[in-house]
Amino acid sequence: MGKQAHVRTLADNEAKAIGTMIRISPRKLNLVAQSIRGKSAEVALNELTFSPKRIAGQVKKVLQSAIANAENNHDLDVDDLFVKEASVGKNMVLKRFHARARGRGARIEKPFAQVTIVVEEKREKAPAKKAAARPQAKPEAGAKGKSAAAPKAENKKPVAKKAPAKKKSAGRKSAKENA
């Protein structure tokens, strides 16, 4: 008699984790999220570990949670995971008051943000070996190691000739020659 099962919105080879109430502005959080988009999970973890940004530690926790969800809940291979999506959104804003001159007040806003990380399993295909476009001619047995085809003259570059040395002008004589 309980609730209906929640319909899964992600594909079978994807897993998601959401980090909410992160105490930073969404604009600053997006700089960190942008640095991991499209990278493999291992490279993204290394990038967040050594990032100088303060918030990178919390984003790393969310990424680790997404990887754990993929491994435990969806039986995905951790080595083939990459960050498909890292989106940032607004959350609540704390409104504070700051006293100013002449009895006035100024509003201080302390924004919170949230990050959603989706990881996807992507098998890396080995590059297929391309068949040779044309079969290469094998030397005949009677040729004794000489190639049957003559080398093409088009492949040789012309040799550049050096310019002749400049001669002294005969019009003016130096002081030593006059003496």
Would you please put 110-117, 27-34 in order of how densely packed they are, using the mean number of other Cβ atoms within 10 angstrom per residue and starting with the highest?
110-117, 27-34
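In what sequence, highest mean first, do 7-13, 71-77, 59-65 appear when ranked by Cβ atoms within 10 angstrom? Mind showing how you got there, number by number?
Numbers: 7-13: 10.6, 71-77: 13.1, 59-65: 19.6.
Descending mean neighbour count gives 59-65, 71-77, 7-13.
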The rounded separation in angstrom of the Cα centers of region 76-115 and region 1-66 is 15
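Students often get this wrong, so check it: of 60/95; 16/39; 60/90, which have C-alpha atoms separated by over 22 Å?
On the way: 60/95 28 Å; 16/39 15 Å; 60/90 19 Å.
With Cα atoms farther than 22 Å apart: 60/95.
Rounded, prolate or oblate: which fits region 14-121 when a ≥ b ≥ c are the square roots of the eigenvalues of the alpha-carbon gyration tensor, with rounded for a/c under 1.5 and prolate only if a/b beats b/c?
Details: a/c = 3.77, a/b = 2.64, b/c = 1.43.
Prolate is the answer for region 14-121, as a/c is 1.5 or above and a/b outweighs b/c.
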Checking region 1-97 for chymotrypsin sites (Phe, Trp or Tyr not before Pro) in a loop per DSSP with at most 11 other beta-carbon atoms within 10 Å yields 50
If 18, 55 are placed from fewest to most neighbouring beta carbons inside 10 Å, the sequence is 18, 55
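Taken together, the values in this text are just the output of simple stated rules run on the coordinates, not laboratory data. From a predicted model like this one, the values you see are computed outputs, not experimental measurements. Positions of Cβ are backbone-derived with ideal geometry, glycine not excepted, and every protein chain shown enters the neighbour counts.
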